[in-house]
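Below: one structure, written as structure tokens.
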Amino acid sequence: MTLDLAERGLVGPDPGGCSLGEVLPAAAGVLGLDLPGGWAGSAARARSRFDLPQADRVCVVLVDGLGLLQLRERAGHAAFLRGRLPEARELVCGYPSTTAASMGLLGTGRAAGRTGLVGYTVRNPRTGRLANLVSWDGADEPEAWQREPNLTRLVAEQDVAVTSVGPPEFRGSGLTRAALGGGRYISAVAWEDRVDGALRALREPGLVYLYCGDVDKAGHQHGWRSAQWGDALSELDRGLGRLARGMPAGTVLLVTADHGQVEIDPADLVDVGSVPELARDVELVAGEPRAAAVHVASGADPAGVATRWREVLGDRALVVTRAEAIDLGWYGDVAAHVEPMLGDLVVAALGRAGVADSRTQTPHSLTLRGMHGSLTPDEMRVPLLVA
């Protein structure tokens with residue numbers, strides 16, 4: 001299948017080195033490390049690609065939901081980040097542009113086709129039921145589900161101090177184990193307290209990973225153009241400024257994000273459970289409204305279901321079969337154990353549309369103002385800012 005995303009104003013995953021998956025190799029390069037196995041030489045190349053200095057301390061900050069295009073438009077709320085925007089690197093996340101997939105990409109350097117972190121929810125091939133890869137409800141043991149080496153663990157195994165700082169509920173969670181194993185974990189609820197934790201960890205040489213999720217939460221509830229989103233960005237920015245001022249001299253600070261967002265038009269949110277033409281021959285809809293993974297019923301023809309979905313959705317979504325999505329490289333190289341996790345149909349929403357299913361999704365999730373997961377620039381482009 002031939003499908004030129006650029007002609008449609010969309011952004012495909014970038015295997016050429018400008019992806020979120022290059023951030024931790026670059027951080028390892030800053031520390032002067034060479035990662036083992038198939039990663040040999042990658043750390044030095046990534047550091048050179050991003051023109052980073054060498055140092056004995058590096059802090060990687062992941063801001064959930066801070067797309068590059070949203071940051072540029074709302075930079076008036078972020079003096080610290082605004083000052084670094086002119087030199088910002090433009091990265092892309094993988095498909096789907098969602099937290100679980102991006103955590104896997106960041107933490108392993110591998111796309112969702114290798115990690116199995118293929119969406120917010122996914123059909124567990126063992127049980128046939130939905131698994132939530134953020135809460136890890138319904139998924140198997142993380143180390144069995146996600147089989148690629150964690151880059152943080154590879155760094156820690158070289159006698160380098162590795163510290164992750166994030167919310168208490170992420171300590172030892174399935175997603176943390178799957179994407180960011182190795183090292184110690186510092187828990188803190190408030191963003192300011194997490195900044196304090198990162199500063200304490202940076203007193204000794206090593207790698208520190210720091211997570212902030214408040215911007216994404218504000219975007220989901222209120223939209224990224226809202227006053228609440230601007231307030232969350234301002235709070236993030238104040239903490240980053242304090243982090244940069246308080247770090248030991250020579251520390252390299254890398255700020256990036258897992259995905260961006262779009263504001264959904266409720267009139268363009270299609271509910272599979274309410275449209276018989278979409279529900280027919282469909283056993284389960286996984287993923288999320290901007291990136292649905294459709295599993296067809298046994299005996300049904302995926303190509304025929306895809307044709308019907310294209311007719312119903314029109315210009316609200318791209319609808320491809322699993323084989324077509326793999327051929328197009330949306331998931332990168334796809335491992336044999338991951339392929340059954342992908343939908344028989346892969347549905348990438350366009351514009352401000354989405355495809356939901358009220359039969360399995362909560363009423364609250366269907367009312368979210370901001371969503372992500374698809375291939376639009378607003379969702380796929382993320383920053384890499386250096387201080």
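Quick notes on this one:
- Normalised size of segment 268-387, defined as Cα radius of gyration per 2.2 N^0.38 Å with N residues, equals 1.09.
- Between helix 302-313 and the chain: long-axis angle, C-alpha atoms, 0 to 90°, nearest 10: 80
- DSSP finds beta bridges in the chain, and of those with both partners inside it, around 50 percent are antiparallel.
- Listed values for segment 203-214 are Karplus-derived 3J(HN,Hα) couplings in whole Hz (6.51 cos²θ - 1.76 cosθ + 1.60, θ = phi - 60°), namely 5, 10, x, x, 10, 10, 10, 10, 10, 10, x, 6, and x replaces Gly and Pro.
- Dipole orientation for the chain: of the candidates G166, A198, G37, A198 has the Cα lying most toward the positive pole (charges on Cβ; Lys, Arg +1; Asp, Glu -1).
- Distance in nm between pseudo-label sites at E141 and D4 (7 Å out along the Cβ direction from Cα): 4.9
- Computed over Cα pairs, the Kirkwood radius of segment 242-333 leads via Stokes-Einstein (1.002 mPa s, 20 °C) to a diffusion coefficient of 130 µm² per second.
- Projecting the Cα positions of W330, L345, G287 onto the charge dipole of segment 266-367 (unit charges on Cβ atoms of Lys, Arg, Asp and Glu, taken about the Cα centre) puts G287 furthest along the positive direction.
- The trypsin sites (Lys or Arg not before Pro) of segment 317-361 meeting both criteria, a DSSP state outside H, G, I, E and B (loop) and at most 13 other C-beta atoms within 10 angstrom of the site's C-beta, are R359.
- Calculated mean residue ellipticity at 222 nm for the chain: -8500 deg cm²/dmol, from DSSP H runs with n ≥ 4 weighted as -39500 (n - 2.57), summed, divided by the residue count and rounded to 500.
- Lys, Arg +1 and Asp, Glu -1 on Cβ, resulting dipole of segment 266-367 about Cα centre, debye, nearest 20: 260
- Subtracting the Cα-Cα distance of D333 and D159 from their residue separation scaled by 0.36 nm leaves 59.5 nm.
- The distance linking segment 263-294 with segment 326-387 is 12 Å (Cα centroid to Cα centroid, whole angstrom).
- Per residue, the convex hull spanned by the alpha carbons of segment 1-82 comes to 149 Å³.
- Per-peptide average of other Cβ atoms within 10 Å, ordering 308-318, 364-374 highest first: 364-374, 308-318
- The local environment of A249, defined by Cβ-Cβ distances under 12 Å, has a net charge of +1 under the rule Lys, Arg +1 and Asp, Glu -1.
- Segment 34-137 - Kirkwood radius from inverse mean 1/r over Cα pairs (Å): 16.4
- Nearest-20 debye value, the chain charge dipole, Cβ charges on Lys, Arg, Asp, Glu: 800
- Förster radius 35 Å - calculated FRET efficiency between A227 and E87 (Cβ-Cβ, nearest 0.05): 0.75
- Under Stokes-Einstein, with the Kirkwood radius over Cα pairs as Rh, the value for the chain at 10 °C and 1.306 mPa s is 76 µm²/s.
- Degrees separating the helix 191-201 axis from the principal Cα axis of the chain, which is the longest one: 50
- Rounded to the nearest 20, the Cβ-based charge dipole of segment 81-225 about its Cα centre (Lys and Arg +1, Asp and Glu -1) stands at 300 debye.
Read-outs throughout are calculated quantities, based only on the coordinates presented, and are distinct from any laboratory measurement. Nothing here was measured: the structure is a model prediction, and the numbers come from that model. Glycine gets a Cβ as well: all are built from the backbone with ideal geometry, and neighbour counts include every protein chain shown.
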